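Down below is the structure, laid out as structure tokens.
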Amino acid sequence: METKILQPNLETYTLAKSLLEQGKIVAFPTETVYGLGADATNPTAVEKIFLAKGRPNDNPLIVHLGDKRNIQKYVLRITPLEQKIIDAFMPGPISLVLPKNSLIPDCVTAKGPTVAIRIPENQVARDLINFCKKPICAPSANTSKRPSPTIAQHVFQDMNGKIPLIIDGGQTDVGIESTVVKVEKDQVFILRPGKIDKTLLENTLHCPVHENTKVGKIAQSPGMKYTHYKPNCDMILVKTDPIVTIPTLYQEYTKQGKNVIIFCKEEDLPYFSSFHAVSLGKDSKEASHNLFKMLREYEDHDLILAQFVDNGKMVEGLFNRMSRACSGHIV
Ligand code: TXA
Ligand code: MG
């Protein structure tokens, strides 16, 4: 199958609509990462997503809608606190887990009784969904375990020959996936951290917000148990004493003949000037924007030594992605 990369315009949306109606997959940008979209009401189309990604079928998909007024069409109920989350944060980089109704097929939710709903803010995503007039289920557009794509070319790397169309909306803004939240007994549980964080949720909703916590006895987002975001090389995340630790590790591994690259905080670049080092960004928000793209760009090295960028917003979301990208190898 030929995989086309096309600019977002009326002709592209017309093609995308026809492909989705035929049960095919279309990749598109959102403000977080690129998604691999299918008509959420067509089980055969949904199966193709799992196949294209090599995704375990016990990991549910997020359903993307164009307008928050359409949410109630697909869920059994919305509590006042859930409505408050919808009103305050949608459209935006958040997915809210709600009890699904029968319009959402079981394969979308991995047979579970809930569905994660998201209203993207990105204009291309909104135009596509509104043009197609369908709920679009979409995981991140990477092969399972790989870093999520933040540019169309990275979708192409993973999906070339597997899907007919990638809509190119340039580099995504946020860079890490949406915050996944669930409400239980008037408390909010963050199942996956993202740009909308605990502080913002608490300040807006004025209720308890729990991070990385089980909801009752149920595990967090099923996706959290899998290896994820791994570049094709080793990676070590350096949290402790990076100015000393990174040069020490760099020299040790270089002596072993390894081709090492350092990812660091912009202001610390001068400390690593005699080594091969690049800036992840000036703060954790910028580092989140850059991380997945850089993991793919520098994975032709043997080892990435990444300094944890711990200043600014999105620290939790960034730590979650970086610690998983290095498979927990943190010093
Ligand atoms: O920003 C995003 O959320 C991107 C863009 C494309 O919208 N999508 C995305 O999808 O990251 P995916 O499939 O890569 O990650 C979805 C996460 C997984 O960890 C999954 O387990 C969790 O959301 N999830 C989906 N439905 C759920 C549900 N009903 N209950 C709990 N967790 C759920
Ligand atoms: Mg993903």
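Side notes on the structure shown:
- Amide H contacts under 5 Å for residue 312, placed H, 5+ residues apart: 284
- Heavy-atom surface of region 6-69, accessible at 1.4 Å and reported per residue (Å²): 39 Å²
- Sequence ranges 271-278, 176-183, 41-48, ranked by mean other-Cβ count within 10 angstrom, highest first: 176-183, 41-48, 271-278
- Estimated inter-spin distance, residue 245 and residue 7, nm [label 7 Å along Cα→Cβ]: 4.6 nm
- For residue 53, the lysines whose Cα comes closer than 16 Å to its Cα, not counting residues fewer than 8 places off in the same chain, are 24, 145, 162, 230.
- Calculated accessible area for region 234-325 comes out at 43 Å² per residue, all protein chains present (probe 1.4 Å; ligands, DNA, RNA ignored).
- Degrees separating the helix 242-255 axis from the principal Cα axis of the chain, which is the longest one: 80 degrees
- Hydrodynamic radius of the chain per Kirkwood, over alpha carbon pairs, in Å: 20.3 Å
- Taken along the Cα-to-beta-carbon direction at a fixed 7 Å, the label points for residue 311 and residue 255 span 3.2 nm.
- Over the chain, relative contact order from alpha-carbon pairs under 8 Å, at least 6 apart, %: 19 percent
- Taking the protein heavy atoms of the chain in the context of the full set of protein chains, the accessible area attributed to carbon and sulfur is 50 percent at 1.4 Å.
- Using alpha-carbon coordinates, inclination of helix 10-21 to the longest axis of the chain, degrees: 70 degrees
- Whole-angstrom gap from region 110-166 to region 245-308, using each part's C-alpha centre: 29 Å
The values are calculated or read from the model by the stated rules, or taken from the named source; none is laboratory data. Note that the coordinates shown come from a computational prediction; the quantities given were computed from them, not determined experimentally. Here the Cβ is made from the backbone with ideal geometry for all residues, glycine too, and neighbour counts use every protein chain on show. To get the accessible areas, we keep the full protein, side chains included, count just its heavy atoms, and leave off ligands, DNA and RNA. Shrake-Rupley method; radii C 1.70, N 1.55, O 1.52, S 1.80 Å.
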